[in-house]
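The values are calculated or read from the model by the stated rules, or taken from the named source; none is laboratory data. All figures in this text were calculated on a predicted structure; none of them were measured in a lab. Cβ sites come from the backbone with ideal geometry, for glycine too, and all protein chains shown count toward neighbours. Quick note on the areas: whole protein, heavy atoms, side chains included, nothing else; ligands and nucleic acids left out. Shrake-Rupley method; radii C 1.70, N 1.55, O 1.52, S 1.80 Å.
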Amino acid sequence: MTITIDTHDFISAAPKALRAECAGLTPAEFHDRYCGPIGPVRLGDWACAGLPQPTATYTATLEFAGRSRTVVSTGSPVAALTSALYDEGYPVEILQFHQRRTASGTATFVQCESNGRRGWGAALADDGPESTVRAMIAGINQLGG
């Protein structure tokens with residue numbers, strides 16, 4: 001599904017620390033740095049069966065440097081994605097997690113740490129679980145995987 005993004009609304013939903021870090025960036029630069037870094041991890045397909053958390057079943061097809069892996073989780077897609085990332089050699093810890101509903105959708109901002117490096121990932125999606133998974137992938141890719 002395509003979301004119309006109000007970039008001011010999205011960026012203003014970011015936590016204070018991230019807003020300070022990105023001060024002076026244009027909306028396009030913000031998107032390139034925090035939402036769309038190209039890296040070794042990509043989200044292929046995403047589906048939710050059932051009602052949102054805690055009983056929904058989420059299925060994500062992830063691509064790790066050209067290899068595909070399907071992850072299925074009931075309840076928390078964060079736990080499933082974190083486990084899949086570790087299994088594929090991308091240890092990641094979520095240091096900060098911020099999520100807000102905006103006029104454009106659910107905005108999620110995560111500060112990740114992997115192999116001693118820290119960085120933010122951000123995403124906007126129709127629902128919280130998809131936004132979370134996309135922000136985590138953006139974060140790990142920003143760190144270079």
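Selection over the stretch 33-56 of residues that are farther than 22 Å from ASP127 by Cβ and modelled with pLDDT under 90 gives a count of 4. Here GLY50 fulfils each of the conditions (1) in contact (Cβ under 8 Å) with a residue 12 or more places away in the chain; (2) over 22 Å from ARG19 (Cα atoms); (3) touching a strand residue (DSSP E or B) at 6+ places or on another chain (Cβ under 8 Å) apart from (1). Checking each residue of the stretch 64-80 against the condition of being touching a Phe, Trp or Tyr at 6+ places or on another chain (Cβ under 6 Å), of a type in the set (Val, Ile, Thr) and in a helix (DSSP H, G or I) gives no match.
When the stretch 92-106 is limited to residues that are part of a strand (DSSP E or B) and touching a residue at least 60 places away in the same chain (Cβ under 8 Å), the one that is least open to solvent (accessible area, probe 1.4 Å) turns out to be GLY105. From the list GLY121, GLY39, GLY24, GLY89, the one residue that fits, being surrounded by 15 or more Cβ atoms within 10 Å (Cβ to Cβ) and in a loop (DSSP other than H, G, I, E, B), is GLY39. The C-beta contact set for the stretch 16-32 (first residue more than 20 Å from GLN96 (Cα to Cα), second residue open to solvent by 80 Å² or more (accessible area, probe 1.4 Å) and modelled with pLDDT under 90, distance under 8 angstrom, 6+ apart or interchain) comprises PRO27/HIS8. Do we find that PHE109 is among the aromatic types (Phe, Trp, Tyr) and open to solvent by less than 50 Å² (accessible area, probe 1.4 Å) in this structure? For PHE109, the condition - among the aromatic types (Phe, Trp, Tyr) and open to solvent by less than 50 Å² (accessible area, probe 1.4 Å) - is met. Based on this model, can you work out whether LEU62 counts as closer than 18 Å to CYS22 by Cα, open to solvent by less than 30 Å² (accessible area, probe 1.4 Å) and over 10 Å from the mean Cα position of the chain (by Cα)? For LEU62, the condition - closer than 18 Å to CYS22 by Cα, open to solvent by less than 30 Å² (accessible area, probe 1.4 Å) and over 10 Å from the mean Cα position of the chain (by Cα) - is not met. A count restricted to the stretch 80-92 and to residues that are within 19 Å of GLY119 (Cα to Cα) and of a type outside the set (S, T, N, Q) stands at 7.
Among all positions in the stretch 107-116, there is at least one residue which is under 14 Å from PRO40 (Cβ atoms), among the small types (Gly, Ala, Ser) and in contact with an Asp or Glu (Cβ under 9 Å, 6 or more places away or on another chain). Evaluate the following for ALA123: is it closer than 22 Å to ARG69 by Cα and of a type outside the set (D, E, K, R)? Yes, satisfied.
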